[in-house]
1. Identify all residues within the range 23-35 that are farther than 20 Å from residue 79 by Cβ and either open to solvent by 20 Å² or more (accessible area, probe 1.4 Å) or in a loop (DSSP other than H, G, I, E, B) (or both); write none if there are none.
2. Please work out which one of (1) modelled with pLDDT under 95; (2) touching a Leu at 6+ places or on another chain (Cβ under 6 Å); (3) of a type in the set (A, V, I, L, M) is the condition residue 23 fails and give its number.
3. Looking at (1) open to solvent by 90 Å² or more (accessible area, probe 1.4 Å); (2) modelled with pLDDT under 95; (3) assigned to a helix (DSSP H, G or I), can you tell me which one residue 38 breaks?
4. Just name the residue that is nearest to residue 33 (Cα to Cα) out of those in the range 44-90 that are open to solvent by 90 Å² or more (accessible area, probe 1.4 Å) and among the aliphatic types (A, V, I, L, M).
5. Please enumerate the residues belonging to the range 46-87 that are assigned to a helix (DSSP H, G or I), touching a residue at least 12 places away in the same chain (Cβ under 8 Å), within 20 Å of residue 19 (Cβ to Cβ) and more than 11 Å from the chain's Cα centre (by Cα).
6. Considering only residues that are part of a helix (DSSP H, G or I), open to solvent by 30 Å² or more (accessible area, probe 1.4 Å) and of a type outside the set (A, V, I, L, M), which ones fall in the range 1-17?
7. Buried (at least 16 other Cβ atoms within 10 Å of the Cβ), of a type in the set (D, E, K, R) and in contact with a helix residue (DSSP H, G or I) (Cβ under 7 Å, 6 or more places away or on another chain): is that true of residue 20 in this structure?
Amino acid sequence: VTLAEDGQDALDRLAAAAPDAIISDINMPRLDGFGLIQAVRQIDRYRATPILVLTTESAPELKARARNAGATGWIVKPFDPQKLVSSLHMVTG
């Protein structure tokens with residue numbers, strides 16, 4: 001597990017990581033979740049890496065925006081930890 005302070009920090013840390021999946025919030029300083037998802041999808045080696053959004057946001061238009069940016073799934077906080085684990089298993093095989 002690699003943790004990051006915000007979207008920009010996560011993007012910077014990707015150079016030294018090889019994640020099986022990425023979990024991101026939407027509301028973050030410097031680079032929000034939408035920007036992070038778009039930036040990750042522009043990096044060839046991460047185009048197929050599953051990206052789950054874990055956020056307090058639940059608006060359908062935000063979910064659609066994340067999906068269009070390249071998100072694989074969406075989980076709303078508060079969440080059941082088992083649901084997160086199940087979601088990770090589903091997207092990582």
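The values are calculated or read from the model by the stated rules, or taken from the named source; none is laboratory data. Since we're looking at a predicted model, the values are computed, not measured. Heads up, the Cβs are rebuilt from the backbone with ideal geometry, glycines too, and the neighbour counts pull from every protein chain shown. Side chains are part of the model used for accessible areas, which takes the heavy atoms of the whole protein and leaves out ligands, DNA and RNA. Shrake-Rupley method; radii C 1.70, N 1.55, O 1.52, S 1.80 Å.
1. 29, 30, 31 - these are the residues of the range 23-35 that are farther than 20 Å from residue 79 by Cβ and either open to solvent by 20 Å² or more (accessible area, probe 1.4 Å) or in a loop (DSSP other than H, G, I, E, B) (or both).
2. (1)
3. (2)
4. 48
5. 46, 84, 87
6. 8, 12, 13, listed by residue number.
7. no
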